[in-house]
Amino acid sequence: MDTLVVDGMRICYTAAGSGPPLLLIHGLGANRSDWDSQIPEFSKHYRVIAPDLPGYGDSAKPLRLYSVPYFAQLMWQLCDRLGLEQISIVGHSMGGATALQMAVDAPDRVERMVIANSVPTFTPRNFEEYREFALRMGLMTVFGPRLLATFMSRRMFPRADQTAQRERSIARSKHNHRHTYLVSLLALARWSVRADLPKLRIPTLVIAAEKDYFPFEDVQQFASELPLGELQAFPGTRHGLPMEVPEAFNESVLGFLLCEPAPAVRRRRRKAAVETT
């Protein structure tokens, strides 16, 4: 584990491999250990940086109002401290939201993105979505992180043959910081970059689970609104895709990240390089 002080707080991260930089961003109620099945494979091709977001894992947990734009700002500051000018990003769930916000804030610094189990807005629109937020808020507020971790892990890994994955998920999440989780959840409910999607001319792979918390049609629309978006769906899977089907997930991500950019993308990057000189 490596540590840097960013914006006055300790940020812990795992670094592995060499080559082009690849930032892995975990989701709500998680930490960098969610990427344990990805780091060994990705680090064969990339310099992998997998941080704990502030308030999560081993990073500092100040009592503050967290938000997706703040997470994105802090991740760019971490990249600056590490000397990473241009990066590729893989984000899961809230990490996908953070990756999208990073791309909106600094599009010329993002080479490629993979957004898994995520959408460009988590603002509730109907009774089912309001109920989902209320359920999580209520469980964390009343019963705390251990019961919430057990409940959510059983939803993500419900099958009998997923016992090991379920237990690992509970072990990761049962030590969540109550304040951080609740503030992050409320921040997600207010966050949206949907209006910015047409401006994100960044090659982006959207990875979807058939049985996720949000409708598959929402993910289809999300991918279609990205000028250089691609969609890959995994039938029968749920919200914990990187942990549920790690080999298939890794193959999909690396296949996308390692492929040569299309001619139009190469022209766009050359044009951007000329304009900045």
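The values are calculated or read from the model by the stated rules, or taken from the named source; none is laboratory data. The structure displayed is predicted, hence computed values, not measured ones. For neighbour counting, all protein chains shown are included, and Cβ atoms are generated from backbone atoms with ideal geometry for every residue, glycine included.
If you check ILE25, ILE87, ILE11 for being in contact with a Pro (Cβ under 6 Å, 6 or more places away or on another chain) and closer than 26 Å to PRO227 by Cα, only one passes: ILE87. Among the residues of region 111-139, the ones that are farther than 18 Å from TRP191 by Cβ and either of a type outside the set (Lys, Arg) or at pLDDT 95 or above (or both) come to 8 in all. Being modelled with pLDDT under 95, surrounded by fewer than 18 Cβ atoms within 10 Å (Cβ to Cβ), touching a helix residue (DSSP H, G or I) at 6+ places or on another chain (Cβ under 9 Å) and not in a strand (DSSP E or B) is the requirement here; does LEU65 meet it? So LEU65 passes the test. Counting only residues that are touching a residue at least 12 places away in the same chain (Cβ under 8 Å) and either assigned to a strand (DSSP E or B) or surrounded by fewer than 22 Cβ atoms within 10 Å (Cβ to Cβ) (or both), region 80-134 holds 30 of them.
Residues that are farther than 15 Å from GLU247 by Cα and in a helix (DSSP H, G or I) within region 6-46 comprise ARG32, SER33, listed in sequence order. Which of (1) under 23 Å from ARG194 (Cβ atoms); (2) in a loop (DSSP other than H, G, I, E, B); (3) in contact with a Pro (Cβ under 6 Å, 6 or more places away or on another chain) is the odd one out, the single condition ASN176 does not satisfy? ASN176 satisfies all of (1) under 23 Å from ARG194 (Cβ atoms); (2) in a loop (DSSP other than H, G, I, E, B); (3) in contact with a Pro (Cβ under 6 Å, 6 or more places away or on another chain) except (1). Residue count for region 35-62 under the criterion of being surrounded by fewer than 22 Cβ atoms within 10 Å (Cβ to Cβ), in contact with a Gly (Cβ under 7 Å, 6 or more places away or on another chain) and of a type in the set (A, V, I, L, M): the result is 0. Pairs meeting the criteria (first residue in region 22-36 and without any contact (Cβ under 8 Å) to a residue 40 or more places away in the chain, second residue in a helix (DSSP H, G or I), beta carbons under 9 Å, at least 6 apart or on different chains) are ARG32/ILE39; ASP36/ARG168; ASP36/MET243; ASP36/PRO246.
Just to be sure, is PRO246 touching a His at 6+ places or on another chain (Cβ under 7 Å), under 17 Å from GLN162 (Cβ atoms), surrounded by 15 or more Cβ atoms within 10 Å (Cβ to Cβ) and modelled with pLDDT of 95 or more?
Numbers: touching a His at 6+ places or on another chain (Cβ under 7 Å): no; under 17 Å from GLN162 (Cβ atoms): yes; surrounded by 15 or more Cβ atoms within 10 Å (Cβ to Cβ): yes; modelled with pLDDT of 95 or more: yes.
No, not satisfied.
Residue-wise test of (1) without any contact (Cβ under 8 Å) to a residue 12 or more places away in the chain; (2) hydrophobic (A, V, I, L, M, F, W, C); (3) in contact with a helix residue (DSSP H, G or I) (Cβ under 6 Å, 6 or more places away or on another chain); (4) more than 23 Å from PHE256 (Cβ to Cβ).
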site	(1), (2), (3), (4)
LYS174	no, no, yes, yes
LEU197	no, yes, yes, no
THR204	no, no, no, no
LYS211	no, no, no, no
PHE216	no, yes, no, no
LEU228	no, yes, no, no
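Listed by first and then second residue, the pairs with beta-carbon distance under 8 Å, at least 6 apart or on different chains, first residue in region 245-268 and more than 14 Å from GLU41 (Cα to Cα), second at pLDDT below 95 and part of a helix (DSSP H, G or I), are PRO261/ARG269.
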